[in-house]
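*Asks:* This is the structure I want to talk about, given as structure tokens.
No lab work stands behind these numbers, since they all come straight from the coordinates. For clarity, every value in this text was computed on a predicted model and none was experimentally measured. Glycine also receives a Cβ, built like all others from the backbone with ideal geometry; neighbour counts cover every protein chain displayed.
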Amino acid sequence: MLLIATWGVYPIAYILGMGAGDPTANQFVYVQVGYTIADILAKCVFGLTILKIAKMKSAAEGMKDDH
């Protein structure tokens, strides 16, 4: 669920960055900064999700989690 929530940052970054009216160069920069933050968040959460799934599968197969 947290992973899906991080994907919601992309449209929010676009809406907040572009605002209303004619787009300026600064607004495009704000959107790109927002996308960068969204990418970092989404990739970290995705990696932690994969780690959790791998640990759960390993435990289900009887492997120890001692390292």
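*Asks:* From the helices alone, meaning DSSP H stretches of at least four residues, give me the mean residue ellipticity at 222 nm for the chain, per-run term -39500 (n - 2.57), in deg cm²/dmol to the nearest 500.
*Replies:* -26000 deg cm²/dmol
*Asks:* Each residue of region 46-53 in order: what ³J(HN,Hα) in whole Hz does its phi give by Karplus 6.51 cos²θ - 1.76 cosθ + 1.60, θ = phi - 60°, with x for Gly and Pro?
*Replies:* Result, ordered by residue: 4, x, 5, 5, 4, 4, 4, 5 Hz.
*Asks:* Still on this structure, I have one more. Report ³J(HN,Hα) in whole Hz for each residue of region 11-26, in order, from the Karplus equation J = 6.51 cos²θ - 1.76 cosθ + 1.60 where θ = phi - 60°; Gly and Pro get x.
*Replies:* Values, residue by residue: x, 5, 4, 5, 5, 5, x, 7, x, 10, x, 6, x, 10, 4, 5 Hz.
*Asks:* OK, next. Report the one residue of Ala13, Thr24, Thr49 whose Cα lies farthest in the direction of the positive end of the charge dipole of the chain (charges on C-beta: Lys and Arg +1, Asp and Glu -1; origin at the Cα centre).
*Replies:* The residue sitting farthest along the positive end of the dipole is Thr49.
*Asks:* If you project the alpha carbons of the chain onto their three principal axes, what span does each projection cover, largest first, in Å?
*Replies:* Projected onto the principal axes, the Cα atoms of the chain cover 59, 20, 10 Å.
*Asks:* Here is a follow-up. Treating the beta-carbon of each Lys and Arg as +1 and of each Asp and Glu as -1, no other charges, what is the dipole magnitude of the chain about its Cα centre, to the nearest 20 debye?
*Replies:* So the magnitude is around 200 debye.
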